[in-house]
Each structure stands twice: as structure tokens, then as C-alpha cells.
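Written below as C-alpha cells is the structure these notes are about.
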Amino acid sequence: METQFPYNQHISLYYPLQASQYANASRWKRDHLPRQALSLFFTMWIFGVLMYLIGSTILYHTVFDKSLMKHPRILHQQIRQEIKQGLFAMPVMSILTVPFFLLEIRGWSKLYDFANQEPFPGYSYLQYPLFIFFTDTGIYWIHRWEHHPSVYRFLHKKHHKWVVPTPYASYAFNPFDGWAQSLPYHIFPMLFPLQKCAYLGLFVFVTMWTLAIHDAECLSRSAVINGPECHTLHHLYFNYNYGQFTTFWDRLGGTYRKAKGDELKHKNE
Ligand SMILES: [Zn+2]
Ligand SMILES: [Zn+2]
């Protein structure tokens, strides 16, 4: 076998790791497209399920106000229903997301390794607010579009089954809905440079954020941050607070509703 694929060229940038003698023995070579797709699918599915279950369980047992489980708008065995929907959505979302990650690992994105490869000095800091602003904008408009009567029924209705959401509601949606709302995260590195480590960190961050805004607990009273208090109002009153990270677009688009913090206690019907 003369044509050896240059293995470990990416990992070796960070850590010198020799490919084992068996690296080339597999029938499906490591750069074989179906093998890459399958590996990405399982990695994403398993990693996603773990973050969802562990994250929401920690939130449920720490900040979540468990007295809400007696709220009149909580459904029968709601958490069980939410987890079931979440676990069903995960593998489908993973399949739909594989093409984006394939494009990335095959070099079609603007991902870069080290700060000295940044397009201009200071960009490695700028990438974070830029990523948040870009994805916040994208999610706001996609989410608003999903509330359009002609789309809502097919795509987004499942997620609004939870009028009083628990942290387990965060990924309890129609998988196509979750995928649509995750599009900005995958479009960003195609359009803008993004450091690989930052991307991994942001991936964990956005997952945790999505869990946290379904916590129903008033964690902040910030007028700028779209926290759990804002997203809980979205589940309660429906046509407000479509944003993900900030209230910027809701304010601009006239859909902002300020949380008083006690809505869940008074809205019994
Ligand atoms: Zn919604
Ligand atoms: Zn929600």
C-alpha cells in the first residue's frame, strides 16, 4: 500500500499523536465519506443526548422551582413526555446536521486553528460577540417565521405543548424545528472565520443556554439578556420574546415583553 493517507494531520497540530499501524487496515478509510458521516452522526447523537440529560437534570435539581410541578398548566407526566420527545428529536437532528459538519471537516468552512491565523488582530476576541449577534439574529427571524400560522402547525407546535416548561422541554421539539433553529450556528463558520476551540466551547455554551432558558426561574432581570424569565413568557403568552440570547431584535421588532417575574404564579388559566 503506497498511497498512505496523511493521518492525524489536524490533531498533530495540537498534540503529537502517531497513527497506529492499523490506521490504514480498515476497509473504510478514515477519509471515506460514509465513514465520516457515520462517525459524525453517532458523536453528535451521543454527545447531544448526554448534554441534554445531564444538563437538564442538574438544572432541574438545582435552580428549577419544583413547586411549579403543581402548576395547573403542567401536563400529566410532563417531564416524561418532554424527555420522550427530546430523545426522539436528537437522532433525527443529528442526521440533518451531518452535512454541515462534513463540509467543515472536509475544509469548506472558515474554521481556523490558532489565534495567529486570525484574519486581523483582535478577531479571536471579536468572534464571540459576532457569533452571538449573528445567531441571535438568525434564530429570532427563524423562530418568528415558525410562528406564522401556515408554518406553526407543522414545525413548531410540538414545542409549545409545554405552557409551563421544565428544563427537559429545551430539546423537546419537532426535530425539523430544532434543526431549523440551529441553522445559524452552522451557517456562521461558513461565512465568518471561527477558531475551532471557540466553536467547541460555543457548541457547549449554546446547548447549556437552551437548557437554562427553559428553567422558568428568574435568573436575571437584565433588560438586554433573553433569560429564562423572557423565554418562559414566550411559552406562556406565545407572541413575545422570540430571541435566544438577547432582547435586541424583540425590542426592534416590537415583540418584547418585560418579565415581572411572578407571571407563573398568577397565570393559572
Ligand atoms: Zn415559539
Ligand atoms: Zn422554548
- Lys/Arg Cβ at +1, Asp/Glu Cβ at -1, dipole of region 95-177 taken about the Cα centre: which of Ser150, Leu130, Gln117 is farthest positive-ward? Ser150
- Enumerate lysine pairs in the chain that are 8 or more residues apart or on different chains, then count those whose Cα atoms are under 17 Å apart. 11
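Among Leu13, Leu53, what is the fewest-to-most ranking by other Cβ atoms within 10 Å?
So the ranking, lowest neighbour count to highest, is Leu13, Leu53.
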- Count neighbours as other Cβ atoms within 10 Å of each site's Cβ, and list the trypsin sites (Lys or Arg not before Pro) in region 48-141 that are DSSP loop with at most 11 such neighbours. Arg106
- Message: Under the rule that an exposed site lies in a DSSP loop and has at most 15 other Cβ atoms within 10 Å, name the longest stretch of the chain with no chymotrypsin sites (Phe, Trp or Tyr not before Pro) of that kind, not counting the sites themselves.
- Response: 115-237
- Query: If each residue's Cβ is checked for other Cβ atoms within 10 Å, how do Glu263, Glu104 rank with the fewest at the top?
  - Reply: Glu263, Glu104
- Query: Using a ≥ b ≥ c from the Cα gyration tensor of region 131-213 (square roots of the eigenvalues), is it rounded, prolate or oblate, where a/c under 1.5 gives rounded and otherwise the larger of a/b and b/c decides, a/b for prolate?
  - Reply: oblate
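Quick note: the coordinates plus some simple rules give every number you see, no bench work behind them. All figures in this text were calculated on a predicted structure; none of them were measured in a lab. Cβ sites come from the backbone with ideal geometry, for glycine too, and all protein chains shown count toward neighbours.
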